[in-house]
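The values are calculated or read from the model by the stated rules, or taken from the named source; none is laboratory data. The structure displayed is predicted, hence computed values, not measured ones. Cβ placement follows ideal geometry from the backbone for every residue including glycine, while neighbour counts extend to all protein chains displayed. Surface areas here come from the heavy atoms of the whole protein model, side chains and all, with no ligands, DNA or RNA. Shrake-Rupley method; radii C 1.70, N 1.55, O 1.52, S 1.80 Å.
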Amino acid sequence: MLKKAKIFLEMIKIEHTLFALPFAFMGAILGSVVISQHLPSWGQIGWILMAMVGARSAAMGLNRVIDKVFDGRNPRTIARAIPAGLISSKEAIIFIVISFTLLFWATANLSSLSMKLLPIAVFFLVFYSYTKRFTWACHIILGMTIALAPLGGWVAVTNDISTAAIVFYVSIAFWVAGFDIIYSCQDYEIDKKEGLHSIPKRFGIANALHIARWFHIVTAIGFLTLFYITDLSWIYLIGIIFANGLLFYEHKIVNPQNLSKLNIAFFNLNSVLSIGVFVFTFIDLVVLPK
């Protein structure tokens, strides 16, 4: 049982939750302070965590089922649970249904606007796994999908979507799209072979890295804009300077001639960025409130 659970956790890359979960909590805390002038309750935080786990597990499970044929032909992904025969498609589908149930249950215990927007979230969770089949904009759609987590955290506690919430959403969407472009550079050859679409395949690796850099400039501007349109203080600003430094370093260590540090740029730096921005925001709004 424990072995099977470990396989499922590996299938959905549970460690990658570090990308979106801190920003989901940041959305909840920032939204509460900006709109409601108080912090979210522990109950709300718990339901947001459950919704996040359910949504991400369902999305990753769907991605593995939908892409199982391509994963089985890609040397980088052939060892994944489904193509390796460690989990059957039927088992994965049951897991997906349970995950969506968890998402629906959690959302029902949050704001009314969360429930109204849930069909849109579910659509993106399903749709984005198909986009690589027909558009190089798949990275942007992935960013729009994952950025629903921080926006969802905001909406869950405020029952509102403000200008600051949109700025936050766009910032995260371009951050995710940028690092996904970098990550997809390693699949340049397999994408050409399989007829799949991506920005590296469409524009070349060098231009793709340039596009990713511009996407992250949008993220940096968005994070800075939040400082000016909310009550965030210099503590948050220090966190943003730290995050922008990480983005700069991420692009410095990856270049078209050397992709050997791609995984460091993808996972390590972006995990630290997500956690770091959340920690500085938490200190700003919770530990040292105005």
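Residue 71 falls short on exactly one of the conditions (1) closer than 21 Å to residue 146 by Cα; (2) modelled with pLDDT of 85 or more; (3) among the acidic types (Asp, Glu), and that condition is (1). Residue count for the range 204-217, restricted to those that are in contact with a helix residue (DSSP H, G or I) (Cβ under 7 Å, 6 or more places away or on another chain) and surrounded by fewer than 16 Cβ atoms within 10 Å (Cβ to Cβ): 0.
The one condition from (1) in a helix (DSSP H, G or I); (2) farther than 23 Å from residue 22 by Cα that residue 135 does not meet is (1). Residue pairs whose Cβ atoms lie under 8 Å apart, sitting 6 or more positions apart in sequence or on different chains, and linking a residue in the range 102-121 that is without any contact (Cβ under 8 Å) to a residue 24 or more places away in the chain and within 21 Å of residue 35 (Cβ to Cβ) to a partner that is among the β-branched types (Val, Ile, Thr) and surrounded by 13 or more Cβ atoms within 10 Å (Cβ to Cβ), are 115/107; 118/107. All of (1) assigned to a helix (DSSP H, G or I); (2) over 26 Å from residue 123 (Cβ atoms); (3) at pLDDT below 90; (4) among the aliphatic types (A, V, I, L, M) hold for residue 39 with one exception: (1).
Cβ-Cβ distances below 9 Å connect the following pairs, each with a first residue in the range 69-89 that is open to solvent by 80 Å² or more (accessible area, probe 1.4 Å), a second residue that is of a type in the set (Lys, Arg) and not in a loop (DSSP other than H, G, I, E, B), and a separation of six or more residues or different chains: 73/193; 86/4. Of 245, 239, all but one fail to be open to solvent by 20 Å² or more (accessible area, probe 1.4 Å) and assigned to a helix (DSSP H, G or I); the exception is 245.
Has the range 149-160 got any residue that is open to solvent by 30 Å² or more (accessible area, probe 1.4 Å) and touching a Leu at 6+ places or on another chain (Cβ under 6 Å)? Yes, the conditions are met somewhere in the range 149-160.
Of everything listed in (1) surrounded by fewer than 17 Cβ atoms within 10 Å (Cβ to Cβ); (2) under 24 Å from residue 275 (Cα atoms), the single unmet condition for residue 98 is (2). Looking at the structure I just gave you, is residue 179 under 28 Å from residue 109 (Cβ atoms) and surrounded by 23 or more Cβ atoms within 10 Å (Cβ to Cβ)? Here the answer is no, as residue 179 does not meet what is asked. Can you find, within the range 5-31, the residue that is nearest to residue 229 (Cα to Cα) among those that are at pLDDT 90 or above, open to solvent by less than 30 Å² (accessible area, probe 1.4 Å) and not aliphatic (A, V, I, L, M)? Filtering first and then ranking leaves 31.
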